[in-house]
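> Once you've had a glance at the structure underneath, I'll fire off some questions.
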Amino acid sequence: MKKKKNKKIGDVIGKNKGKSWLYTGIVKDHFFHPRNVLLDETNYQYDGKGIAGNPLCGDIMALWIKVDPKTQKIKDCKWRTYGCASAISATSMLSVMVTEKGGIAVKKALNLKPQQIIERLGGLPELKFHCSVLGLDALKEAINDYLKNKETK
Amino acid sequence: MLTLKFSPVKSATLSFEPGQFALVSFLDNRAAGKIRAYSISSVPQDKFLALTIKKLGAFSSALHNLKIGERMNISFPAGNFYPQESMKNIVFLAGGIGITPFYSIIKDWANRGLLSRNKITLFYSSKTKKEIIFFKELNKIADPSPNFKVIYLLTREKTKDKRIKKFSRLNVKTIKKQLKILKGKYFFICGPIEFVNDLWKELKKNGVKENFIKTEAFY
């Protein structure tokens with residue numbers, strides 16, 4: 001009987017597609033060197049806070065933003081997660097995307113899509129798509145929190 | 001395919017925007033306490049909340065086995081996957097079960113008379129004719145409304161049904177042929193991850209700006 005040979009030893013193959021699960025260099029970089037992580041928020045002055053995820057499934061994400069009151073642009077974005085490698089990389093990239101080049105406006109940030117993050121990461125296995133949504137959900141919560149706080153001020 | 005209709009218990013309300021989803025969980029330990037998000041397929045005018053569910057995994061199978069009269073936990077509606085009334089020219093791209101939020105929006109807009117002012121074109125791709133959900137209901141809305149058009153696509157079979165003319169995957173070429181111009185139109189994409197990712201990429205390649213695209217992927 002012939003045995004099937006695995007072409008790439010050490011790689012993970014997606015069970016549905018047989019496609020390679022190798023992560024891109026950008027994903028690995030953001031996983032090993034996550035940007036804008038906040039381990040202790042006690043002294044961090046934020047304008048909006050969002051929590052997303054499902055403690056039952058195991059993944060949870062907290063994200064904080066600071067917003068420039070004049071321009072309505074996000075000037076700082078910090079996060080912390082109990083999540084997988086993809087969630088870490090994707091949220092790290094997200095925190096870069098919302099603050100780079102002087103930050104993006106909160107209204108515009110509400111329309112950010114997982115596809116944009118995945119594109120910047122150079123791709124993500126399809127079965128890991130939902131991991132890129134976690135940070136976005138927390139960001140949207142944080143923005144809604146900021147907008148609510150602004151109204152009541 | 002199954003549509004579950006829920007009535008609120010006691011004083012709970014059914015306020016939501018068509019296009020939004022709700023988080024669903026069982027009261028007991030079925031599905032191991034997991035929570036899943038499902039688009040709402042009813043409209044705010046209905047006295048019930050409907051979720052249309054395709055049997056895919058353990059959770060949806062458990063939903064398919066629900067008995068009439070059983071109770072579930074259903075969260076507040078969430079998500080911002082819906083058009084604004086100020087968007088005059090809207091394009092919906094639906095892949096399979098991705099039709100559910102669009103159906104709710106279209107039915108709601110038809111009920112509220114908005115289809116006389118706003119134009120909606122729906123591209124709806126399914127594998128087979130049998131898998132087209134809301135086929136009759138959509139045609140019922142489309143037939144009297146010149147501003148609402150449905151383009152059905154089948155990817156796995158051909159039929160002689162006059163309403164279905166396209167037998168291929170949905171791509172920008174088909175969309176362009178129908179719409180002529182992409183600029184100034186608002187695109188909403190909903191379906192499986194690959195469907196959403198591919199169309200998002202193609203639309204961007206064809207010059208559609210990011211703030212004219214909204215996406216919701218089912219996974």
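The values are calculated or read from the model by the stated rules, or taken from the named source; none is laboratory data. Bear in mind the structure is a predicted one, so any value in this text is a computation, not a measurement. Note that we place each Cβ from the backbone using ideal geometry, even for glycine, and neighbour counts take in every protein chain shown. SASA here: full protein model, heavy atoms, side chains in, ligands and nucleic acids out. Shrake-Rupley method; radii C 1.70, N 1.55, O 1.52, S 1.80 Å.
> Go through segment B:195-210 and give me each residue that's within 11 Å of chain A (Cβ to nearest Cβ), more than 16 Å from B:LYS180 (Cα to Cα) and open to solvent by less than 50 Å² (accessible area, probe 1.4 Å).
Matches in segment B:195-210: B:VAL196, B:ASN197, B:LEU199, B:TRP200, B:GLU210.
> Could you list, in sequence order, all residues of segment A:113-124 that are open to solvent by less than 20 Å² (accessible area, probe 1.4 Å) and more than 8 Å from chain B (Cβ to nearest Cβ)?
Across segment A:113-124, the qualifying residues are A:ILE117, A:LEU121.
> Okay, next question. Quickly run through segment A:98-112 and pick out the residues that are touching a residue at least 24 places away in the same chain (Cβ under 8 Å) and within 12 Å of another protein chain (Cβ to nearest Cβ).
A:ILE104, A:ALA105, A:LYS107, A:ALA109, A:LEU110, A:LEU112
> In segment B:63-75, is there at least one residue being among the small types (Gly, Ala, Ser), over 24 Å from A:ALA52 (Cα atoms), assigned to a helix (DSSP H, G or I) and open to solvent by 10 Å² or more (accessible area, probe 1.4 Å)?
no
> Going by the structure shown, is B:LEU182 farther than 30 Å from A:LEU134 by Cβ, touching a Gly at 6+ places or on another chain (Cβ under 8 Å) and crowded, with 16+ Cβ neighbours inside 10 Å?
So B:LEU182 fits the description; yes.
> A further question follows. Condition test on A:GLY14, is it open to solvent by less than 90 Å² (accessible area, probe 1.4 Å) and at pLDDT below 90?
Yes, satisfied.
> Further, regarding this structure: Taking the condition of being crowded, with 20+ Cβ neighbours inside 10 Å and more than 14 Å from chain B (Cβ to nearest Cβ), how many residues in segment A:47-61 meet it?
Selection size over segment A:47-61: 3.
> I've got another one for you. Name the pairs whose Cβ atoms lie under 9 Å apart, with the first residue in segment B:138-162 and in contact (Cβ under 8 Å) with a residue 24 or more places away in the chain and open to solvent by 70 Å² or more (accessible area, probe 1.4 Å), the second among the acidic types (Asp, Glu) and assigned to a helix (DSSP H, G or I), and 6 or more positions between them or separate chains?
If the second residue must be among the acidic types (Asp, Glu) and assigned to a helix (DSSP H, G or I), the pairs left are B:ARG156/B:GLU131.
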